[in-house]
Every structure is written in structure tokens, then in C-alpha cells.
Amino acid sequence: MRQAIAFNTRWGWMGISETSKGIDAVVMPQASRQALLSELPADAVELLEGRASSRLREAKAQLIDYLAGARQSFNLPLDLSGGTSFQQQVWRTLLSISYGRLRSYQWVAMRVGGRHYARAVGNAVGANPMPMVIPCHRIVAHDGSIGGFSCGLPLKRKLLTLEGTITQLRPER
């Protein structure tokens, strides 16, 4: 059974879900609780804070600390079983990218099979179910431009600003 919590942060409403294996989804900040609930996995049972597991409460605390600039990494058990084996390989590679570092889709591709996998890497990055925890926002285009982000470029810019890497991007024209 999948369980989830919804909570408000200074960035907006967020949600986290878990399976018996670990955290399996993070919903990025939304403008309202209703918008957030529509983004949670359909089979997730939302729990009130007092009934949430210690793992969900810890994930919430770590996300809030990260958004406040008080945390640079996450220490949570993750359930990656919702992805293909290739997606899981890409997501594990993303986990190796440290706070304050940017990498390209090509950099990830070279670590999961070769330069020709860059497009497939982009698709796997876009399917990441746990943005921030699996730091897909740290992936930029090979030319140093911002690239894409499934949660929208304004949020990607905000995350890169938080981590102090926005100035490393090639200026937009």
C-alpha cells in the first residue's frame, strides 16, 4: 500500500509518497493543496501528519530543510521500482551529482552507456518521480544553457539559485 502526506512549505504545497520499500514520489511545490493532491500518485492514501510514518515525517523535514538552505543532500530510503532498469540507472547516476554542481545530459549518458544515449537520458530525467531528492534540476544542456525541467524552468532557476549554480549557466539570449 502506498501512503502519502501533503504539507505546505515556504515554496508552496508539496507531497511525498512511500511504499514499503521507501520514498517513491515527491510532488514539487504547487500553488494550492488541491493542485498538490491532483499530482500525488492515484493509489496513494493521504495521511494526516500525526498518522504518517517516521519515514514520511523525516522526508518532509529533509525537504523543508533543503528549501531553507539548511541541507545539501538527502538521506532517505528510495523505491525506484516504478522505473525501467535504464531509468533506474540514470536516476542512480543523478544521485551522484553533488549539491552545487551542474552536469550535462551527455555527462550522464557517458556513465550509462555512451554519448548516443543523451536523448534517452533526457527522457529518463524527465520521468524522475522524486525531483530534488534525485537532483534532476542539476542537469543542463551540453552547451551550458539551462535545458529543460519537467516541473518548469522557473522552478529550476529557483533551485539552481538556491544551490548557487545559476551563475554557471550560459547567459540566455
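The values are calculated or read from the model by the stated rules, or taken from the named source; none is laboratory data. Note that the coordinates shown come from a computational prediction; the quantities given were computed from them, not determined experimentally. Using ideal geometry, Cβ is built from the backbone for each residue, glycine included, and neighbour counts are taken over all protein chains shown. When the accessible area is computed, the model is the full protein with side chains, heavy atoms only, and any ligands, DNA or RNA have been set aside. Shrake-Rupley method; radii C 1.70, N 1.55, O 1.52, S 1.80 Å.
For the reader, a short list of remarks on this structure follows.
- The range 72-173: C-alpha pair distances exceeding 19 Å, %: 37 percent
- Packing rank of 72-84, 97-109, where each peptide gets the mean count of other beta carbons within 10 Å, highest leading: 97-109, 72-84
- The range 89-173, relative contact order in percent, only Cα pairs under 8 angstrom and at least six apart counted: 30 percent
- Over the chain, the reciprocal of the mean inverse Cα-Cα separation, the Kirkwood hydrodynamic radius, stands at 16.5 Å.
- 0 to 90° range, to nearest 10: angle between helix 153-162 axis and the chain longest Cα axis: 90 degrees
- Take every Cα pair under 8 Å whose residues are at least 6 apart in sequence, average their separation, divide by the length of the chain, and the relative contact order is 18 percent.
- Accessible area per residue was computed with a 1.4 Å probe on protein heavy atoms; Asp43 scores about 100 Å².
- Computed with a 1.4 Å probe over protein heavy atoms only, the accessible surface of the chain comes to 50 Å² per residue.
- For the chain, the share of accessible area belonging to carbon and sulfur comes to 49 percent (1.4 Å probe, ligands and nucleic acids excluded).
- Length-normalised contact order of the range 1-52 in % [C-alpha pairs under 8 Å, at least 6 apart]: 40 percent
- Space enclosed by the convex hull of the alpha-carbon atoms of the range 1-68, per residue, Å³: 75 Å³
- Cα centroids of the range 36-92 and the range 135-173: 22 Å apart.
- Accessible-area value, Glu39, 1.4 Å probe, nucleic acids and ligands omitted, Å²: 110 Å²
- Rg of the Cα atoms in the range 82-136, relative to 2.2 N^0.38 Å, amounts to 1.00.
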